[in-house]
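The values are calculated or read from the model by the stated rules, or taken from the named source; none is laboratory data. Since we're looking at a predicted model, the values are computed, not measured. Every residue, glycine as well, gets a Cβ built from its backbone with ideal geometry; the counts of neighbours run over all protein chains shown. Surface accessibility is based on the protein's heavy atoms, side chains included, excluding ligands, DNA and RNA. Shrake-Rupley method; radii C 1.70, N 1.55, O 1.52, S 1.80 Å.
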Amino acid sequence: MSTAPEVKEVKGKVKKAKKIRKNVVRGIAHVKASFNNTIVTITDTNGETLAWDSAGTMGFKGARKSTPFAATRAGESCGQKARKYGVVECEVRIKGAGSGRESAINGIVSTGIKVTALEDHTPVPHNGCRPRKRRRV
């Protein structure tokens, strides 16, 4: 499943190279859709990150980060990176109430990764802290 990390020696210091994980078949896609940005992270089943992307890293700035199109692009890019590790199918866990919830999933699916399950992990308070005052526009 994973190969041993290579050890390099640079000017007397021993440096440990990054561990390369290949042939990870199943993954978990975590989509955090906030009102300002959408972050897509694909991990293996242990929870170790394989690839991640966000609307901000795709080059979108300001109000355009929160659009469904930006979320689609982030999902596509993250899916492409995960395919290099051999990811074929994944579960999707969505957190947040932003506009990029469904769009990010469509981006992941468009790269050829099969979505096996959808779960909503949006945090809901059980009457915890007092919420912020209501926004009046």
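On the basis of being open to solvent by 80 Å² or more (accessible area, probe 1.4 Å) and either modelled with pLDDT under 95 or out of contact with any helix residue (DSSP H, G or I) (no Cβ under 9 Å at 6 or more places or on another chain) (or both), does Val87 make the cut? Show your work before the answer.
Numbers: open to solvent by 80 Å² or more (accessible area, probe 1.4 Å): no; either modelled with pLDDT under 95 or out of contact with any helix residue (DSSP H, G or I) (no Cβ under 9 Å at 6 or more places or on another chain) (or both): yes.
No; evaluated as a whole, the condition is false for this residue.
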Worksheet item: Considering only residues of the range 65-84 that are in contact with a Phe, Trp or Tyr (Cβ under 8 Å, 6 or more places away or on another chain) and either aliphatic (A, V, I, L, M) or more than 14 Å from Asp53 (Cβ to Cβ) (or both), which is surrounded by the fewest Cβ atoms within 10 Å (Cβ to Cβ)?
Response: Thr67
Worksheet item: Could you give every pair whose Cβ atoms fall below 7 Å, whose first residue belongs to the range 81-96 and is of a type in the set (Gly, Ala, Ser), and whose second residue is surrounded by fewer than 15 Cβ atoms within 10 Å (Cβ to Cβ) and not in a strand (DSSP E or B), counting only separations of at least 6 or pairs across chains?
Response: Gly86/Lys22; Gly86/Asn23; Gly86/Val25; Gly96/Thr122
Response to the item:
Of the residues in the range 50-84, those that are out of contact with any helix residue (DSSP H, G or I) (no Cβ under 9 Å at 6 or more places or on another chain) and of a type in the set (A, V, I, L, M) come to Ala63
Worksheet item: Restricted to the range 92-113, and to residues that are modelled with pLDDT under 95 and among the charged types (D, E, K, R), which residue is least open to solvent (accessible area, probe 1.4 Å)?
Response: Arg101
Response to the item:
Residues in the range 58-114 that are among the polar types (S, T, N, Q), in a helix (DSSP H, G or I) and within 22 Å of Gly47 (Cβ to Cβ) total 2
Practice prompt. Considering only the range 29-50, state which residues are open to solvent by 30 Å² or more (accessible area, probe 1.4 Å) and not polar (S, T, N, Q).
Written response: His30, Lys32, Phe35, Ile39, Gly47, Glu48
